[in-house]
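Novice: Once you've had a glance at the structure underneath, I'll fire off some questions.
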Amino acid sequence: MLSQSMTDALNKQINWEMYSSNLYLQMSSWCAFKGLDGCAEFLNEHANEERMHMQKLLAYVNETGGLAILGQIDAPPTQFESVKDVFEKTFHHEQLVTAKINELVHQASTEKDYATLQFLQWYVAEQHQEEFLFKSILDKIEMIGTQGQGIFFIDREVGQMLTQKTQESTAMTTAQNGDVGTA
Ligand code: OFO
């Protein structure tokens, strides 16, 4: 059973995850408008992942005796200076989300809510991956540069990262199904 304070804190995180989803969807839209189709697809997929993060939290609150609440969500920014600006903002946003997850972990630990503490470990690992992912995109942008055909190559690289990610997750699902079949 969740305490009211833990329920409130998880509901705030539900809101953050929805905001993240909308932010990345808006960035995807900006990239599509600029003809950056690889980046647009990558960010669109990432928006879907953020929605999944929200749904996972919502399910946890509901199954633990709390009432999950979808509050008002701020509108994300609509204009960006460049593709580099987009990915700098994604990286900073993920750092902010990591800080929010760490606050939740601290609260669960302080309240001795060990089920929530355990549940949040998935988000701790996920944030590590996401910060790494966006930092690696920023590193690539830095390496390739945005002059001349640089933007074309950045867009292609980011699009390929999505293809690679999709292949890895398909391989993982296949391996997991195989494990279940042989168990
Ligand atoms: Fe991008 O992170 Fe959700 O949690």
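Novice: For a quick check, take a GNM of the chain with Cα springs below 10 Å and name the residue from D37, D155, D74 with the largest mean-square fluctuation.
Specialist: Comparing D37, D155, D74 in the GNM, the peak value goes to D74.
Novice: For the chain, with all protein chains present and a 1.4 Å probe, just round the carbon and sulfur fraction of the accessible area to a whole percent.
Specialist: 55 percent
Novice: OK, next. Quick check for you: with a 1.4 Å probe and neighbouring chains kept, what is the accessible area per residue of the chain, in Å²?
Specialist: The answer is 57 Å² per residue.
Novice: Here's something else I'd like to know. For the chain, count the residues as N, evaluate 2.2 N^0.38 Å, and divide the Cα radius of gyration by that value, please.
Specialist: Output field value: 1.14.
Novice: Roughly how many whole Å is it from the C-alpha centroid of region 5-48 to that of region 112-183?
Specialist: When both Cα centres are located, 15 Å separates them.
Novice: To continue, here is another question. Using only Cα atoms, find the angle between the long axis of helix 114-144 and the longest principal axis of the chain, and express it within 0 to 90 degrees, rounded to the nearest 10.
Specialist: It works out to around 10 degrees.
Novice: I want to check the label-to-label distance for A171 and S109. Put each point 7 Å from Cα in the C-beta direction and report it in nm to one decimal.
Specialist: Each label point lies 7 Å from its Cα, and together they span 3.5 nm.
Novice: Pick from T78, T64, T173: which residue has the top mean-square fluctuation in a GNM of the chain where Cα pairs under 10 Å get a spring?
Specialist: Highest fluctuation among the options: T173.
Novice: Using only the Cα atoms, work out Rg/Rh for region 129-178, with Rh taken as the Kirkwood radius, to two decimals.
Specialist: Radius of gyration relative to Kirkwood radius: 1.14.
The values are calculated or read from the model by the stated rules, or taken from the named source; none is laboratory data. Only a predicted model underlies this, so the values are computations on that prediction, with no experimental measurement involved. No Cβ is skipped: glycine too gets one built from the backbone with ideal geometry, and neighbour counts run over all protein chains shown. Ligands, DNA and RNA are excluded from the accessible area calculation, which covers all protein heavy atoms including side chains. Shrake-Rupley method; radii C 1.70, N 1.55, O 1.52, S 1.80 Å.
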